[in-house]
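The values are calculated or read from the model by the stated rules, or taken from the named source; none is laboratory data. The model shown is predicted, which means the values in this text are computed figures rather than measured ones. Here the Cβ is made from the backbone with ideal geometry for all residues, glycine too, and neighbour counts use every protein chain on show. Side chains included, ligands, DNA and RNA excluded: accessible areas come from the protein's heavy atoms. Shrake-Rupley method; radii C 1.70, N 1.55, O 1.52, S 1.80 Å.
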Amino acid sequence: MGPVSFLPKHQKLSTSKGDSTKMTHLQAGLSPETIEKARLELNENPDVLHQDIQQVRDMIITRPDIGFLRTDDAFILRFLRARKFHQADAFRLLAQYFQYRQLNLDMFKNFKADDPGIKRALIDGFPGVLENRDHYGRKILLLFAANWDQSRNSFTDILRAILLSLEVLIEDPELQINGFILIIDWSNFSFKQASKLTPSILKLAIEGLQDSFPARFGGVHFVNQPWYIHALYTLIKPFLKDKTRKRIFLHGNNLNSLHQLIHPEFLPSEFGGTLPPYDMGTWARTLLGPDYSDENDYTHTSYNAMHVKHTSSNLERECSPKPMKRSQSVVEAGTLKHEEKGENENTQPLLALD
């Protein structure tokens, strides 16, 4: 990870001039195809990369209310890439990134993989991350919604685990350019579970992922969503930008429509792909180490409450792995099930305002 700047937030920042070698280094490791893709799709020009970054940095003085705790070249570059080198939009995203963390300090206390809540979510497969990328070079993230044990994982901890995972992944310049795909499998996700997805926590997730993180999401794919997830989606639509709405695909049980966008050779068998079933521990082991189920402390990741002031946490909960439900994606068309009438009685109204 690049250096972290702790200059006073009111101080105008600058970098050395004429360091073309340093600017070239920002594209080091990128394939020629990716460099060309960045030029064509993101308007990235290596000849003016230094000027683009510096112009975004110069805007920091306009927001003295925000503590910009990291302002190095590589960090700012990912925001420019996320906003196709529109400097004002990139700065707005950069400001929102830090402001989101300042407004949600509790979420970013002990923001690292060995935090008990984050660790437990990772062990339970939130999120899953496929090892290989798709045909566009995008990283594929998976969420098996039915595995959410609400007595074990809070929604906030799952969101924290997703944000931490993205922080780790976005360090890869190739992913800054190619982006991500998210697939959510709603198989066996009950109405009772859905009733816990209140507007306030969904808004928190949308603000964190859509409005405050420098990632390019090429698509969010819903698979096997029941009728009440359609209702939930209708509720959150006002929070979504037009660009985001156009990239959300509701496939239901139609895996053929999913395969038209993500080829089967890049998908595990749960989604009708040719890869083996997804191992829920894959990404957890990457972040926590090979002994991820051990209760010892883990040392991976420097994202220790990155960009926020930390306080000690008194959260002490068990983190032992539990059996995971498997996806039921391969089902006959038209077999979406409604909950039995009796099961819905005496439950919190779906998506009731809290």
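Between residue 150 and residue 269, the contour length at 0.36 nm per residue exceeds the Cα-Cα span by 40.2 nm. Taking all protein chains together and rolling a 1.4 Å probe, residue 168 ends up with roughly 40 Å² accessible. Couplings for segment 273-280, taken from phi via the Karplus curve 6.51 cos²θ - 1.76 cosθ + 1.60 with θ = phi - 60°, read x, 8, 7, x, x, 5, 8, 4 Hz in order; Gly and Pro are left as x. Residue 39 sits with roughly 120 Å² accessible to a 1.4 Å probe, with DNA, RNA and ligands left out of the calculation.
What shape does segment 103-145 take by its C-alpha gyration tensor, where a ≥ b ≥ c are the square roots of the eigenvalues and a/c under 1.5 counts as rounded, a/b above b/c as prolate, and the rest as oblate?
Numbers: a/c = 2.76, a/b = 1.93, b/c = 1.43.
Since a/c reaches 1.5 and a/b is larger than b/c, the shape of segment 103-145 is classed as prolate.
Given their separation in residues at 0.36 nm each and the Cα-Cα distance between them, residue 102 and residue 88 gain 2.9 nm when the chain is fully extended. Taking all protein chains as they are arranged and a probe of 1.4 Å, the heavy atoms of residue 174 leave approximately 30 Å² accessible to solvent. Under the simplified labelling scheme, the residue 74-residue 211 pair shows an inter-label distance of 3.0 nm, with each label point 7 Å from Cα along Cα→Cβ. Take segment 38-178 with all the other protein chains still there, run a 1.4 Å probe, and you get 32 Å² of accessible area per residue. For residue 70, the amide hydrogen comes within under 5 Å of the amide hydrogens of 5, counting only partners 5 or more places away or on other chains and with H modelled in the peptide plane.
Using a 1.4 Å probe over the heavy atoms of the protein chains, calculate the carbon and sulfur portion of the accessible area of segment 50-183 as a whole percent. Before the final figure, lay out each step's value.
Numbers: 1940 of 3820 Å².
Of all accessible area on segment 50-183, carbon and sulfur atoms account for 51 percent.
Projecting label points 7 angstrom from Cα along Cα→Cβ for residue 61 and residue 260 puts them 5.3 nm apart.
When the residues 204, 261, 94 are ordered by accessible surface, computed with a 1.4 Å probe over the protein chains alone, the sequence from largest down reads 261, 204, 94.
Approximating the spin labels as points 7 Å out from Cα along Cα→Cβ, the residue 242-to-residue 31 distance works out to 3.4 nm. Fully extending the segment from residue 135 to residue 171 would add 10.9 nm, taking 0.36 nm per residue of separation and subtracting the current Cα-Cα distance.
Against the criterion of solvent-accessible heavy-atom surface with a 1.4 angstrom probe, 234, 244 sort, most first, into 234, 244.
Shape analysis of segment 29-104 yields a ratio of the Cα radius of gyration to the Kirkwood radius, Rg/Rh, of 1.01. Translational diffusion coefficient of segment 23-152 (Stokes-Einstein, Kirkwood radius from Cα pairs, 37 °C, 0.692 mPa s): 188 µm²/s. Near the amide H of residue 197, within less than 5 Å, lie the amide hydrogens of 351, all on another chain or at least 5 residues away, with H placed in the peptide plane.
The alpha carbon radius of gyration of segment 179-265, expressed as a multiple of 2.2 N^0.38 Å, is 1.10. Converting phi to 3J(HN,Hα) with the Karplus coefficients 6.51, -1.76 and 1.60 and the offset θ = phi - 60°, segment 218-224 yields x, x, 10, 10, 8, 10, 6 Hz in sequence order, with x at every glycine or proline.
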